[in-house]
Amino acid sequence: MRLSIFLPRPTPFYEGLLQQMLRGYAAAGFEVSGLPRLLEEAEAARWILDRRPDVVFEMNRTRQEAPFWPKQTVHVTWIVDLLGRTENDLLGSEITYMFD
């Protein structure tokens, strides 16, 4: 199973967190890839062609906010900051984790 992880921005914190997450998921048997930033639609289209993820894991972005991910790709979101959004804004992902 192929998993791609995307975190909000390329800071030392997120870069370190990404490496830890990639190692952990690889140890669990996933083929992993990821970046410490969120992709825009054109970049995501290239990523999909190159890596063909079965699962996309994004921090602070739901499928509703990134509808360009293919429907057959499971979208997991980890919400650690609501960023002014309401519960109705957090829809569309197959799995939603909340950190409050």
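The values are calculated or read from the model by the stated rules, or taken from the named source; none is laboratory data. Bear in mind that the values here come from a model prediction, so they are computed numbers and not experimental data. Every residue, glycine as well, gets a Cβ built from its backbone with ideal geometry; the counts of neighbours run over all protein chains shown. In case anyone asks, the SASA skips ligands and DNA or RNA and just uses the protein heavy atoms, side chains included. Shrake-Rupley method; radii C 1.70, N 1.55, O 1.52, S 1.80 Å.
Computed values, structure above
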{"item": "Segment 14-75: chymotrypsin sites (Phe, Trp or Tyr not before Pro) in DSSP loop, at most 13 other beta carbons within 10 Å", "result": "Phe68"}
{"item": "Net lengthening on full extension, Arg51/Arg9 (0.36 nm per residue, minus Cα-Cα)", "result": "13.1 nm"}
{"item": "Sequence of Met1, Met59 from largest to smallest accessible area, 1.4 Å probe", "result": "Met1, Met59"}
{"item": "Karplus-derived HN-Hα couplings along segment 14-26 (A = 6.51, B = -1.76, C = 1.60, θ = phi - 60°), whole Hz, x at Gly and Pro", "result": "5, 5, x, 4, 4, 4, 5, 5, 4, 4, x, 5, 5"}
{"item": "Antiparallel DSSP beta bridges within the chain, percent to nearest 5", "result": "0"}
{"item": "Integer Hz, Karplus 6.51/-1.76/1.60 couplings in order for segment 5-12, x for Gly and Pro", "result": "10, 10, 10, x, 7, x, 10, x"}
{"item": "Extension reserve of the Glu94-Met1 stretch, reckoned as 0.36 nm per residue once the Cα distance is removed", "result": "31.8 nm"}
{"item": "Choice from Leu22, Leu83, Leu38 showing the highest fluctuation, given a GNM over the chain with Cα pairs closer than 10 Å", "result": "Leu83"}
{"item": "Given 15 as the ceiling on other Cβ atoms within 10 Å, longest exposed-site-free region of the chain for GluC sites (Glu not before Pro) in DSSP loops", "result": "41-93"}
{"item": "Kirkwood Rh in Å, taken over the chain so that all alpha-carbon pairs contribute", "result": "13.7"}
